[in-house]
Structure formats: C-alpha cells, structure tokens
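Here the structure comes first, spelled out in structure tokens, and everything after it is commentary.
The values are calculated or read from the model by the stated rules, or taken from the named source; none is laboratory data. These numbers were taken from a predicted model, which means no experiment stands behind them. Here the Cβ positions follow ideal geometry from the backbone for every residue, glycine too, while neighbour counts run over all protein chains shown. To get the accessible areas, we keep the full protein, side chains included, count just its heavy atoms, and leave off ligands, DNA and RNA. Shrake-Rupley method; radii C 1.70, N 1.55, O 1.52, S 1.80 Å.
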Amino acid sequence: MRATALPHRRGPHTHPPTPPFPLSFSYLPVYLQDVLGLSNSKIGNLQAIAQFLCNASKSLSGTLADVLSPARMILVGTLLTTLNKPMFALSGYVYASFGTVATLYWITAGKVFDRMSKGIREAPGKALIGDLAATSGDRPEGAFGLRQALATTGALVGSAIAGLAYKLSGQNYVLTFALAAAPAAAALVITAAAFGPMAAESAAAKKAAKAAAGDDVAALGFKAKAAALKAALTPAYWQALIVVCLLYFARFDAAFITLRAKTVLLKTQLPLLTSLIMVVQAALAAPAGLRAKRSIKDRNAVLLAGYAALIAANASFAFLPTAAGMFLGAACVGAHMALTHGVTLAMIASYIPVEPVPGIGKISGTCWSFTDFVFGVILAYSNSVAGRLSDATAAAGAGNVGCFLGGMAATAASGVALVAFSAFADLGREDKVVAVRRPAK
C-alpha cells in the first residue's frame, strides 16, 4: 500500500524521524507533508479551518444540550469521534486507489469531522460536570481537576502507544491510524453505558417539566427571556469571566516556546518540552482541584499559586537562555496549567445556574457555549499580540522574548483582578456560589 511508509528520496526530507518519538509527537502533520506533499501554509490553513469549525460547533452544542440534555450531546459527539477515526486508517486505501488529491480531500474531511465532534462534546461536557457536582452536593473544582488530569494522562499514554505502534509496524502510518479506532470505540461503549440511562431520564424529566409549565414559557417574549437570562447570571459570573479572560490573554500557542527554545536546544530535544509540560500537568491537576474545592479561599490561593508559576515560566524563557532555563520554564508551565486550567473552569461553573431558570429552562449549556466563544476570541487575539511583541523585541535585538514579557503582564493583571474582586466584590464570598442540591439521605 503506497501510504504505509514515506517515500524515500534524496533531499532534506528523505527519511522520517527515527522512532521512538517523544510522547507529544503527532503523526498526522508529518503524514500530510512527507507523504501527501502539503506545504506548511496549507497544513496551517487546514488546522485553521478545523479549529474554526470546532469553535463553531462549541457555540451550538451547549444550547442544544439545554434542549436535548448534555448527556445526549456527549453521546452524539463521542459517536462522531468513533466514526471519524477509521477515516484516517482508510487514507492508505484512498491514496493507493485514487491518488494524492483525493487523499487530501479525504484527510481534510476527516480532520474537520474530528474537530467538530470534539466541539460538540466540549460545552455539554462542562455543563454536565457542573450539574453532576451540584447534584452530588459537592463543589466542581475536584471534578474539573480530575477531568484535566485524566485527559492529559490519556493524551500521554495514547501518544506513547502510537509511537510504539509506529516503530513496531515499520513506520506504518495507516496501521498506526487504525489503532486509534480501538480506544474511540471503547470510549463510545463506556459513554453509552454511563450516559445512556441518564439521557433517557433527562428526556422524561424535561417532558414532565414542560407539561407542568404549560404555556408560561411560550408566553414570554424575547425581551422578557433576555431579562430573565441576565438576572440568572449574577455579577460573580461576569467577574470570574473577566479574571479568566485576562489569564487566557497571557496564554499563547506553544509554538512560541519552541521558537525560543530552538536557540539553545537541539531540535531533537524540542518535543521533550511539551512532554514535560504534560507530565507535570497530569501529576498535579487532580490534587490541585481537590485542594481548591475546600473553600473559596483555598480556590483563590491555588489560582494565585498558578499565576506565580506562569510568571516564573515566562521569566525563565525570557531571561534564562539556557537548556536548564527552557526545561525549568516548561515545568513551570505544566504546574501553571495544573493549578489553573481545571480550577478556572470550575470557578466559572460555580456561578452558572444548574436549576432551570423560570421562563427559560436550563441555561448551563448555553452559558458554556458563550463562555467558550469568548475564550476562543481571547486566545486568537493573544496569539496575534504575542507574535507582534516577539517581532518587536527581535527587531530591537533582544530576541523573540516579547511574548513572554507580555505574558507576565497579562498574568499579573489577572491576579490583580482576582484579588480585587475577592476583596471588594463577589469572588471571595461563599454565599455567591450557586447553591448545590444536597442528595437525600
């Protein structure tokens, strides 16, 4: 089969990298470039289209989750992911039968399908975690921390298995892609077993609630529904959103770390930075969530510790241009993500109503769709600003460190906002957290 291995020809891309790969290595971009001959710009365009559709599907899936239930949307997203994985495995057949152009369209469709299925799961998943935590009478920080730890661990283990499969199969891309269908199918079985009954119960509950409400919901006009929605989102939600947006503005793509690190590290060492970030993140995320859920004070303390870690990471990349400085920075980035990513999502969830809002119904999924949309805009703009700052410092002869200096400033601003809102507004008050439903004893 023509696509099972790379063509061997003379030139700078004669042979694929020698396995085993670092844990964070992704095979699809190499397959696209070395087998299908796509340029960096075309690969970038493909990623951009896929990312755009991922964010678009996030914006719709949360609202649909409020209508159909989060459990149903998670099942749909997982099903689409399971159906998607064999598409990459079949790329070898498409390549051998129809050539490069057909394979390019096939891979593009598979990539877009993959990102959309992820987007469909995202907002409903966050909404469901918040709802389950509230139903159990617990705070959401521990649940979001565990989610982050499991997701990162899964990525690490999956990448390691993919690297091993690629090596043992004689650098066979198609077989490596095919193996990815197995965990996807297992995930679908587990998800159906866990959430299938929940989706059915939710549908029955929605039907009963609608019958009890009668025509009250339909009688509300658009302005009345907008007013009810505005009233349901307390000032604490908006304060938390401001804090997290400032923090996300300090986060930019890992490519900027790679560009800085390549000046002092060998190219073969660069992927180790991402692996180190993920290992530290996987190890610390769950403990951080468990500590943060003790109280509002503990939550804010964990977040501030994560801010300190990000400032230290940026300082290492900016002012320690050595191999040790790069690895120290990567470790600090992992600690920052562990201490803040799940906890900030839980902070947002703490101020999103889990009970139906009179006149509207469930809004948790819609709130997460809106929140994810805002985060997407912030992250896109942060990367643009990071690039401009790096170009400015490079032109001044200081190297491409501008993004790290800007990151420190944005992190500090987020920390100041958190402290201010905690001291003078609602982010330090336990009574502003959405009331949880204590389980009956």
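Results, tabulated for the structure shown:
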| item | result |
| --- | --- |
| Test: residue in the stretch 287-303 that is aliphatic (A, V, I, L, M), touching a helix residue (DSSP H, G or I) at 6+ places or on another chain (Cβ under 7 Å) and closer than 30 Å to residue 262 by Cβ | no |
| Cβ-Cβ under 9 Å pairs, at least 6 apart or on other chains, the stretch 145-159 side under 17 Å from residue 343 (Cα atoms), far side open to solvent by 40 Å² or more (accessible area, probe 1.4 Å) and outside any helix (DSSP H, G or I) | 145/293 |
| Candidates 94, 112, 101, 67 - the one that is closer than 24 Å to residue 356 by Cα and not basic (Lys, Arg) | 67 |
| Tally of residues being assigned to a loop (DSSP other than H, G, I, E, B) and modelled with pLDDT of 80 or more across the stretch 178-201 | 0 |
| Qualifying residue in the stretch 77-91 (condition: in a loop (DSSP other than H, G, I, E, B) and either at pLDDT 80 or above or at negative phi (or both)) | yes |
| Qualifying helices (runs of 4 or more DSSP H) (wholly inside the stretch 221-301; at least 1 residues being at pLDDT below 90 and surrounded by fewer than 14 Cβ atoms within 10 Å (Cβ to Cβ)) | 222-232, 255-261 |
| Lone unmet requirement of (1) closer than 30 Å to residue 292 by Cα; (2) part of a helix (DSSP H, G or I) for residue 101 | (1) |
| Residue count, the stretch 356-391 (criterion: over 30 Å from residue 317 (Cα atoms), buried (at least 22 other Cβ atoms within 10 Å of the Cβ) and not polar (S, T, N, Q)) | 5 |
| Filtered residue count, the stretch 90-143, keeping only those that are among the hydroxyl-bearing types (Ser, Thr, Tyr), farther than 30 Å from residue 65 by Cβ and open to solvent by less than 10 Å² (accessible area, probe 1.4 Å) | 2 |
| In the stretch 107-165, the residues that are hydroxyl-bearing (Ser, Thr, Tyr) and in a helix (DSSP H, G or I) | 108, 117, 135, 152, 153, 159 |
| Of all residues making up the stretch 402-428, the number that are crowded, with 21+ Cβ neighbours inside 10 Å and either hydroxyl-bearing (Ser, Thr, Tyr) or out of contact with any helix residue (DSSP H, G or I) (no Cβ under 8 Å at 6 or more places or on another chain) (or both) | 2 |
